[in-house]
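What follows draws every value from the coordinates through simple rules; no lab data is involved. Predicted model, so just to flag it, every value in this text is computed and none were measured. Cβ atoms come from the backbone with ideal geometry, glycine included; neighbour counts cover every protein chain shown.
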Amino acid sequence: MWNWVRKLLFGRPGNARGEDGRARDGGRSAFSAAKGRAEPGQKSPSPGGDPGEEGEFLALLDEPGDPAALDDLGPDDRLFLSGVLRLVRERRLEIPVLPHAAIEVSRLLAHGDPSIGRYVEVLEKDPGLSVEVLRTANSAFYGFRRPARGLREAVVRLGLHPVRGLLVMAHLRSRVLRGGPFQEQAGWLNDLSLALARVFRKLAPDLGMDPDEASTRGLLFHVEHFVILGALGVIQTVARRPLNPSNHALAEAFRRCGTGVRELAADAWQLPMLRPDPDLDLRLRAVRRAVVRSWLGQAGAEVPGVDPDRLSEVLAQAAPPGPSGAAAG
């Protein structure tokens with residue numbers, strides 16, 4: 001899946017739009033700007049969709065480009081962005097209620113980390129989330145040479161606080177997956193969040209963080225993005241038709257509403273680590289930028305306070321998923 005990401009991505013010139021309202025060119029992502037530009041209207045010959053879509057989405061997370069005015073957007077983009085802005089302004093954006101397992105794990109953590117067995121009991125009551133914990137513990141991102149033999153071992157591998165973060169992320173992703181067009185974006189955010197959990201944990205000493213806290217922050221790094229993606233269903237209901245917003249509309253929604261949505265989630269879920277921490281957030285965003293650039297085959301990423309050789313070593317262990325991207329053991 002990721003072979004094409006490392007290839008030349010084509011830029012998207014001008015303001016030409018398709019009949020569905022999506023920008024056919026969409027503007028140039030940071031990756032396409034660095035790698036080059038296709039001729040106007042040029043499409044990639046790859047079957048099954050635009051091979052630049054994933055790379056564009058990831059690059060736009062950190063470099064969304066110039067702010068876009070609503071009047072400059074196509075119909076679908078304009079309806080989506082105005083809908084998100086309205087929901088946030090009127091405080092009607094739905095912050096999902098967390099699953100019982102996540103709430104119970106939070107309660108156990110607040111009471112002083114009881115035995116691993118109590119956490120396993122809680123997780124076993126939700127088969128879907130149990131499978132998610134096992135799958136994550138055995139994923140290439142964590143680099144273990146043999147699979148976890150059961151839920152208890154998976155919890156030990158991940159850590160108690162990161163398990164809570166994983167439950168939150170899995171719940172948000174499943175909500176987006178039920179919503180339609182943003183299924184791919186939800187998958188890309190999921191992969192990136194898992195990679196950040198590993199990278200943050202490895203760099204925890206350099207970042208001045210506890211390893212479990214660092215891993216949890218990685219898993220929860222895109223909470224606001226998942227919530228905004230999940231708003232599409234409500235916006236489509238109001239619009240009375242399906243919408244297919246572009247990655248640039250998503251980037252603009254993240255830019256305008258991300259911080260506020262994250263604070264709403266922090267209040268709703270009583271998770272203080274979701275609140276802004278300017279100095280730490282700056283460094284963590286630099287780490288994410290380094291991960292994305294590594295995945296896209298770009299060099300030159302730096303993180304304040306982290307030795308470049310150390311950073312390169314950690315990034316090499318957080319390769320993207322796929323046949324060519326298995327993480328090193």
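Stretching Asp277 away from Phe144 to a fully extended chain increases their span by 44.7 nm, per 0.36 nm per residue minus the current alpha-carbon distance. Gyration tensor analysis over the Cα atoms of the stretch 94-214 returns equivalent ellipsoid semi-axes of 21, 19, 15 Å (largest first, whole Å). Remark on the stretch 100-316: ratio of C-alpha radius of gyration to 2.2 N^0.38 Å is 1.03. Taking a spot 7 Å from the Cα of Ala69 along the direction of its beta carbon, which residues of the stretch 247-284 have an amide N less than 13 Å from it? Within reach of a label on Ala69: no residues. Protection proxy ranking for 67-77, 164-174, 286-296, 208-218, using the average of other Cβ atoms within 10 Å per residue and placing the highest first: 164-174, 286-296, 208-218, 67-77. Between Asp210 and Glu313, the simple label model (points 7 Å from Cα in the Cβ direction) yields a spacing of 2.6 nm. Across the stretch 70-221, the mean sequence separation of Cα contacts (distance under 8 Å, 6 or more residues apart), normalised by length, yields a relative contact order of 19 percent. Our estimate of slack between Glu184 and Arg89, defined as 0.36 nm per intervening residue step minus the Cα-Cα distance, is 31.5 nm.
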